[in-house]
1. Check chain B for me: any Cys whose beta-carbon has no other cysteine beta-carbon within less than 4.7 Å?
2. Once you list every other residue whose beta carbon is under 13 Å from the beta carbon of B:Asn102, what net charge do they have if Lys and Arg are +1 and Asp and Glu are -1?
3. Rounded to the nearest Å, what's the spacing between the alpha carbon centres of segment A:125-159 and segment B:31-65? Just the number, please.
4. Could you let me know the centre-to-centre spacing of segment B:266-314 and segment A:227-251, using Cα atoms, in angstrom?
5. Subtracting the Cα-Cα distance from 0.36 nm times the residue separation, let me have the gained length for A:Lys79 to A:Glu259 in nm, one decimal.
6. Sort A:Val170, B:Val173 by accessible area with a 1.4 Å probe, largest first.
7. Scan chain B and report its longest stretch carrying no GluC sites (Glu not before Pro) that are both in a DSSP loop and have at most 10 other Cβ atoms within 10 Å.
8. If you only keep lysine pairs separated by 8 or more in sequence, or across chains, how many in segment B:6-171 come under 19 Å at the Cα atoms?
Amino acid sequence: MDKKQLEEKARQIRLEAVEMIAKAGSGHPGGSLSATDIMVALYYSKMALYMDPNDERRDRFVLSKGHSNPPLYAILADKGYIPKEELQYLRRLHHPLQGHPDSAKCPGIDCSTGSLGQGISVATGMALGFKLRKMPNKVYAIVGDGEIQEGICWESFMAAAHYKLDNLTVFIDRNGLQIDGTTDEVMSLGDLNAKMKAFGFAVDEIDGHDFDQILAALERGEAGKPHCIIADTVKGKGVSFMENAVGWHGKAPNAEQLEQARRDLGGK
Amino acid sequence: MADIVKKATRHGVNEGLVELAAVHEDIICLDADLGNATGTSVFHKAYPERYIEAGIAEQDLIGLAAGIARAGLVPFANSFAVFAAGRGFEIIRNAVCYPNLNVKIVGSHCGITPAGDGGTHQCIEDIAIMRSLPNMTVLSPCDFNQAKLMARLMYEHVGPCFMRTSREAMPIVTSLEDKIEIGKAQILRRGSDVCIVATGVMATLAVFAVDELAAEGINAELVNIHTIKPLDMDAIKASVRKCGGRVLVCEEANMYGGLGEAVAYGLVGTDGIKFDHVAVMDRFGQSGLSGELLEEYGITSANIKAHAAALAKK
C-alpha cells in the first residue's frame with residue numbers, strides 16, 4: 001500500500017475502533033488512536049501474514065499495551081481472521097473480542113496481553129525462540145510509554161540485547177499521557193533514546209503518525225541488536241476532543257461525542 | 001538411615017530432563033542465575049545451546065518462557081520456589097495460565113528445608129499460590145526417583161505445570177519402575193488404622209513413620225500425593241474411609257491454602273472424619289542447622305508418627 005492508501009486504511013480503522021468502544025460502552029480510545037498508524041503500517045505493509053493464524057511462518061505482533069486493542073481487532077476483521085460482525089460484540093460475554101487481547105479466544109492474536117510489561121517480555125521470548133529454532137520470523141511489539149515504568153520491561157530489554165535479538169522490533173508509543181496525568185508528572189521517563197541505546201538497542205525516533213517515517217524506520221535497525229522505534233504520537237489522534245486529553249484514556253464516547261468523532265474521522 | 005543413599009528431588013528432575021532432552025529437541029531449560037543451586041547446571045553442561053540464562057530477573061524468566069512456548073518449544077523455567085512462584089506469580093497468571101501455554105516451571109528449595117538461608121528463601125506458600133490458578137497442574141514428587149520420572153510426565157502433559165522440588169537430600173522410597181501418572185495418587189503403604197496423606201519430603205518421612213508404627217501394631221495407609229492439582233480425591237476418600245475417617249495430612253508448607261485445606265475441602269460431606277495436619281503453623285521459617293530447624297518445625301518422621309499414633313486411637 002502507498003502512503004495515501006495507508007492513511008485511508010488508518011482512517012477507517014480509527015473510525016471502527018471508536019464505534020466499537022462506543023457500542024461496548026467502555027474501552028480505551030486514547031491509546032488505541034495513538035497506536036493505530038503503527039499497527040496499520042505493520043499489518044498492511046510489513047508483516048509476513050498467512051490466512052491460517054497458526055501458520056508457523058507468520059511474523060508475530062504483540063500489542064504489549066493490550067488495552068489499545070480495538071484497532072487491532074478492526075484490522076484482524078478486515079484481514080479476515082475474525083468475522084466482521086464480531087466487531088459489534090467487543091467486551092461481550094462469550095465473544096472473542098475480550099477487553100484485552102486473548103489468544104485463546106481470538107484467532108490472529110499472537111499474544112494475550114493486558115497486564116502491562118508482560119507483552120514485551122513474551123515478545124522477547126518469542127524472538128529468542130525463533131532464534132533457537134533458526135527460523136526467520138520477525139517479532140514486532142508496541143509498548144506504551146507509561147508502560148515502560150514496569151520493571152519487567154527493562155529486564156526484557158536487557159535480555160533482548162544480551163541475546164542479540166535483531167528479529168525483534170519494539171515500538172514505544174510515546175503519547176506522553178497515562179491515567180493519572182502526563183508521563184512527566186507521574187514518573188518521568190527521561191531521555192528514552194539514550195536509555196534504549198544504553199540498553200543495547202538500535203534506536204530510531206520518528207513521528208508515529210507519518211507512514212513514510214514508520215516504514216523507513218522499519219527498514220533500518222542493526223544486525224546483532226534489537227531495534228527500538230520511539231514513535232512520537234498524539235493520544236486520541238484523529239478525534240478532536242480526545243487529542244492530548246488525559247481524560248480519554250479509558251472511557252467510551254456518548255452518542256453526541258460519537259457523532260463528533262464520526263465527523264472528525266470523515267466517515268463517508 | 002546411615003547406609004541409605006540420599007538424593008534431592010531438585011537433582012532428580014534435572015537428571016530426568018537431561019535424559020529427555022536427548023530425545024526431545026524442543027526442550028529448553030531456563031534459569032535465573034541459580035543453576036548451581038537449582039541443579040540445572042547439569043542441563044547447561046549437556047546442552048549449552050538449549051540453556052537460557054535469564055539473569056537475576058524472575059519476572060522476565062517467566063515471560064521469556066511464555067514467548068519460547070509461543071515459538072513452538074517446550075520451556076522449563078527454574079528458580080527457587082519463593083522467587084518463581086512469588087515474584088513470578090502475576091506473569092505466570094497472565095502470560096502462562098490465562099492463555100494456557102505449555103510452560104513448565106520448577107521451583108526448587110521449597111519448604112523450610114533450605115535451612116541455612118532462612119525465612120526469605122524458605123517457600124511455604126507456593127502450593128497455595130499455584131493451585132489457585134486455573135489451567136495450572138501442580139506437582140510435588142516425594143523423592144529423587146519420582147522427580148526424575150515426573151520430568152517426563154511434565155513434558156508429556158500439554159499445558160502449564162508447576163513442580164516444587166526440595167534442596168534436601170533425602171532417602172529414596174520409590175522406584176524408577178513405578179507406574180505413576182499425573183492426577184493419580186500413589187499408595188505407598190497399606191493399612192486401615194489411620195490414613196496419612198503426604199506430599200514431597202513429608203511422604204518420604206512418612207514412610208519411615210509408618211514402618212515404625214507397624215512395629216507397634218498400628219497399620220497406617222500412606223497416600224503419596226505427587227500431584228496436588230488435580231487432586232485425586234477418589235483415592236484419598238477410599239483410603240480415608242478404609243481407615244475409619246482418620247486422616248492426617250502432612251506437607252512442608254504453610255497450613256493455609258495447601259494440601260491440608262484441599263483434602264479437607266474434598267472430604268466435606270463425608271461422615272465421621274477425624275482430621276489432623278502436620279504443616280508449618282502459619283509462621284515464617286528461619287535460619288538454623290538442618291536437624292534442629294526440622295525439629296523446631298515438626299518436619300520429622302517422629303512428629304508424623306506421634307500425630308498418626310494419636311489419631312489412630314481416636
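The values are calculated or read from the model by the stated rules, or taken from the named source; none is laboratory data. Bear in mind the structure is a predicted one, so any value in this text is a computation, not a measurement. Note that we place each Cβ from the backbone using ideal geometry, even for glycine, and neighbour counts take in every protein chain shown. We work out accessible area using only protein heavy atoms, side chains counted, and drop any ligands, DNA or RNA first. Shrake-Rupley method; radii C 1.70, N 1.55, O 1.52, S 1.80 Å.
1. Taking the Cβ cut-off of 4.7 Å, the unpaired cysteines of chain B are B:Cys29, B:Cys97, B:Cys110, B:Cys123, B:Cys142, B:Cys161, B:Cys250.
2. Details: positive: B:Arg70, B:Lys104; negative: B:Asp26, B:Glu156.
Result for the local shell: 0.
3. That distance is 18 Å.
4. Here the answer is 58 Å between Cα centres.
5. Numbers: separation 180, 0.36 × 180 = 64.80 nm, distance 2.66 nm.
Contour length minus the Cα-Cα distance gives 62.1 nm.
6. Values: A:Val170 0, B:Val173 40 Å².
Descending order: B:Val173, A:Val170.
7. Working: sites that count: B:Glu177, B:Glu216.
Maximal segment without exposed cleavage sites: B:1-176.
8. Details: B:Lys6/B:Lys148; B:Lys7/B:Lys148; B:Lys45/B:Lys148; B:Lys104/B:Lys148.
Lysine pair count for segment B:6-171: 4.
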